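One structure is given below, encoded as structure tokens.
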Amino acid sequence: MSIAQPDPLPVAQGRSPRAIRAGLLPEEAGDFDREYRQVMREAMESLDLTPVLEMLDRWGRVALLSRDPERHRRMLDRAERLQRGEDLPTEPWPVTRARLGL
């Protein structure tokens with residue numbers, strides 16, 4: 001009988017803070033640095049690394065999206081324009097899922 005292994009932590013998957021930061025766009029690195037310092041300070045006080053691991057997981061996804069820098073920048077620009085209230089064409093998630101065959 002084999003013992004089930006726990007899910008690997010982000011660092012065990014090669015997603016160390018250094019590796020994640022290296023995968024980000026230069027314009028996002030400062031946001032990563034600020035948030036990383038903040039969650040590390042909180043972890044020192046609470047003795048709980050959960051928020052650190054959650055932050056690394058979230059930024060790891062951003063780093064994956066950043067593998068195509070131009071596409072990622074277009075997405076960031078579009079999100080910023082939508083937040084400013086610009087009227088841009090969008091579609092509901094169910095429509096997107098159906099279009100992509102998900």
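What follows draws every value from the coordinates through simple rules; no lab data is involved. All of these numbers come straight from a predicted model, not from anything done at the bench. With ideal geometry, Cβ positions are generated from the backbone for all residues, glycine too; neighbour counts draw on all protein chains shown.
Residues considered: LEU25, LEU76, LEU56. Largest GNM mean-square fluctuation over the chain, using C-alpha springs under 10 Å, is found at LEU76. Centroid-to-centroid, using Cα positions, region 37-55 and region 80-102 are 34 Å apart.
Among GLU86, GLU28, GLU42, which one moves the most in a GNM of the chain with springs linking Cα atoms closer than 10 Å? With Cα springs under 10 Å in the chain, the top fluctuation among GLU86, GLU28, GLU42 is at GLU86.
Of the options MET55, ALA22, GLN38, report the single residue whose Cα projects farthest towards the positive end of the charge dipole of region 10-87 (beta-carbon charges: Lys, Arg +1; Asp, Glu -1). The one lying farthest along the dipole's positive direction is ALA22. With the chain treated as a Gaussian network of Cα nodes joined by springs under 10 Å, which of GLY23, GLY60, GLY85 yields the largest mean-square fluctuation? It is GLY85.
Over the residues of the chain, the helix contribution to mean residue ellipticity at 222 nm works out to -20500 deg cm²/dmol, using -39500 (n - 2.57) for each DSSP H run of at least 4.
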